[in-house]
Structure formats: structure tokens, C-alpha cells
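Single-structure report; data block below.
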Amino acid sequence: MQVHPGFKVELVAAEPLTMDPVWFDWGPDGRLWVVEMGDYPLGIDGKGKPGGRIKFLESTKGDGKYDKSTVFLDNLPYPTGVTVWRKG
């Protein structure tokens with residue numbers, strides 16, 4: 001990865017906080033909203049059972065690295081996106 005001088009790339013979230021991410025969006029409060037599609041392609045049971053979810057990640061220490069994960073919606077069939085709107 002190449003970035004402009006003065007910028008750097010840092011890992012801010014990884015497993016187990018989030019798994020199978022396909023989309024994300026930042027809220028104005030700094031939360032990272034993540035769409036997980038763990039049910040692709042055959043469902044979580046291999047027979048089409050929905051298993052996608054939307055989570056938001058938070059940095060409880062205020063250091064910009066996410067350390068807390070909360071499920072917002074669960075058992076979604078193949079979710080593909082999320083958009084933060086207004087206050088999140």
C-alpha cells in the first residue's frame with residue numbers, strides 16, 4: 001500500500017470483533033457500522049438459513065482502535081450495505 005507523505009495505514013478492527021465484513025460506514029460519533037455476510041453463499045446451515053448481521057464497533061478507550069462490538073440487527077438474509085444517517 002502506498003499513501004501520501006504524512007499519512008499512514010493502521011489496523012483498527014479485526015476478528016473476533018467482526019467477521020465476513022462486506023460493507024462499512026462511519027457514524028458522526030466515531031462508531032464503525034459493519035455489515036457481515038457470514039451466510040453467503042449457502043446460508044449458515046448450508047440450506048439458506050439467514051445469518052447476516054449489522055454491528056457497530058466502538059473504541060471505549062478513545063484511542064481510535066475498536067475494542068467493543070454490538071449486534072444491531074441479526075439473522076438478515078445476505079445483507080450488502082448500511083448507511084449512517086443523521087446522528088447514526
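The values are calculated or read from the model by the stated rules, or taken from the named source; none is laboratory data. Keep in mind it's a predicted model, so treat the numbers as computed, not measured. As a convention, Cβ positions derive from the backbone with ideal geometry for all residues, glycine included, and neighbour counts pool all protein chains shown. Just the protein is used for accessible areas: all its heavy atoms, side chains included, with ligands, DNA and RNA removed. Shrake-Rupley method; radii C 1.70, N 1.55, O 1.52, S 1.80 Å.
If the requirement is being assigned to a loop (DSSP other than H, G, I, E, B), under 19 Å from Lys87 (Cα atoms) and out of contact with any helix residue (DSSP H, G or I) (no Cβ under 9 Å at 6 or more places or on another chain), which of these qualifies: Asp29, Asp39, Asp63, Asp45?
Unique residue meeting the criteria: Asp29.
Do we have any residue at all in the stretch 35-53 that's within 13 Å of the chain's Cα centre (by Cα) and without any contact (Cβ under 8 Å) to a residue 24 or more places away in the chain?
Yes, the stretch 35-53 contains at least one residue that is within 13 Å of the chain's Cα centre (by Cα) and without any contact (Cβ under 8 Å) to a residue 24 or more places away in the chain.
Could you check how many residues of the stretch 8-28 are more than 15 Å from the chain's Cα centre (by Cα) and either open to solvent by less than 100 Å² (accessible area, probe 1.4 Å) or over 18 Å from Asp63 (Cβ atoms) (or both)?
Residues flagged as more than 15 Å from the chain's Cα centre (by Cα) and either open to solvent by less than 100 Å² (accessible area, probe 1.4 Å) or over 18 Å from Asp63 (Cβ atoms) (or both) within the stretch 8-28 amount to 3.
How many of the residues in the stretch 34-84 are closer than 25 Å to Glu10 by Cα, open to solvent by 40 Å² or more (accessible area, probe 1.4 Å) and aliphatic (A, V, I, L, M)?
Looking only at that region, the number is 1.
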